[in-house]
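Report on the structure given below.
No lab work stands behind these numbers, since they all come straight from the coordinates. Keep in mind it's a predicted model, so treat the numbers as computed, not measured. Cβ placement follows ideal geometry from the backbone for every residue including glycine, while neighbour counts extend to all protein chains displayed.
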Amino acid sequence: MRMLRGVTLLCAGLIPLMSVLPAIAQVSSYGDKEAGPANDKPSVLSKVGITQRLNEQLPLALPFVDETGKTVQLGSYFGKHPAILALVYYQCPMLCSEELNGLTSALKMVHLTPGKDFDVVVVSIDPTEGPALAAAKKASYVKRYGDLSTAYGWHFLTGQQASIDALTQAVGFGYTKIPGPDGKLTQFAHASAIQIVTPQGRLAQYYMGVEYSPKDLLLGLIEASSNKIGSPVANILTYCYHYDPTTNTHSLIVARVLQLGGLLTLLILGGFMFLMFRQDAKKAKILRNGPYASGHNTAATKVNG
């Protein structure tokens with residue numbers, strides 16, 4: 001019991017210390033990759049965000065090009081089933097892959113079948129990207145999903161700037177071009193979100209971030225299949241924009257501090273428990289072999305005699 005009280009006191013002393021460390025410096029998220037205060041929003045993100053336009057009708061007549069190079073209308077993927085819409089760009093160096101990875105992982109646990117119960121429609125916001133990139137992305141994510149027979153339910157589209165603008169405005173998807181490592185405007189700052197769309201092409205639900213609840217996706221698809229429109233969700237955005245890793249000293253230093261702090265905590269706790277176990281073992285040995293134990297045995301012998 002004494003050892004347990006000691007461990008409790010040690011943990012109580014460490015908790016305030018561990019809570020202070022993140023307050024002093026936090027590991028940056030995708031949206032905080034520049035050195036400086038974590039709450040300062042970079043100016044590049046002023047035009048970036050998600051405006052939830054629930055029940056907005058998508059412009060289904062917009063022309064795009066599918067992964068085979070065929071010109072299609074956006075409405076080709078609506079009419080029978082709900083759809084999951086993702087706006088990304090295929091050469092994105094950071095967040096877009098995380099978004100699609102999270103979606104694919106969640107869909108593995110959703111007991112509905114792409115192509116049969118719903119469609120996945122991924123549209124590039126980069127007008128310079130073409131069918132070859134779209135085809136490679138589709139092959140990658142159908143393989144990741146683990147069921148090649150569902151390939152007809154996955155659609156990776158590219159298009160001209162006019163179609164992209166009309167779609168992003170309808171969805172409320174704000175983004176902006178930014179320079180890549182070469183200084184050219186080849187990358188995009190944007191937020192991460194997917195949308196559930198009804199069979200009639202109306203926006204039914206938004207899901208923010210890069211990880212999605214399979215239960216929420218399932219319920220969203222079921223409700224959207226009946227043309228039900230969901231409620232707005234917390235607009236906590238995860239941003240994607242280019243940054244120079246060589247200037248990202250803030251995040252790296254904080255990560256090292258937290259790693260060392262965690263290691264130090266384990267060492268202190270482990271050493272404390274080892275000492276307490278040794279102390280308890282010594283006390284137990286004294287009680288077994290000490291004067292109290294021998295005196296008790298002697299008295300017992302006299303009574304029996």
**Request:** Show the residues, 5+ positions off or on another chain, whose built amide H is closer than 5 Å to the amide H of Ile178.
**Result:** Thr186, Gln187, Phe188, Ala189
**Complete:** Checked against a 31 Å limit on the C-alpha separation, the offending pairs among Lys184/Lys215; Lys80/Lys138; Lys47/Lys108 are Lys184/Lys215; Lys47/Lys108
**Fill in**
Residues Phe78, Phe277 in order from fewest to most other beta-carbon atoms within 10 Å are Phe277, Phe78
**Cut-off 12 Å between beta-carbons: net charge of the residues surrounding Phe64, Lys and Arg +1, Asp and Glu -1** = -2
**Item:** Residue exposure sequence - Ile84, Ile268 - by fewest surrounding Cβ within 10 Å
**Value:** Ile268, Ile84
**Request:** For region 134-186, evaluate the Debye formula with one uniform point scatterer on each Cα (no solvent term) and list log10 I(q)/I(0) at q = 0.17, 0.20, 0.21 Å⁻¹, rounded to two decimals.
**Result:** -0.80, -0.89, -0.90
**Fill in**
A correct Stokes-Einstein calculation for region 43-246, using the alpha-carbon Kirkwood radius, 10 °C and 1.306 mPa s, returns a whole-number D in µm² s⁻¹ of 94 µm²/s
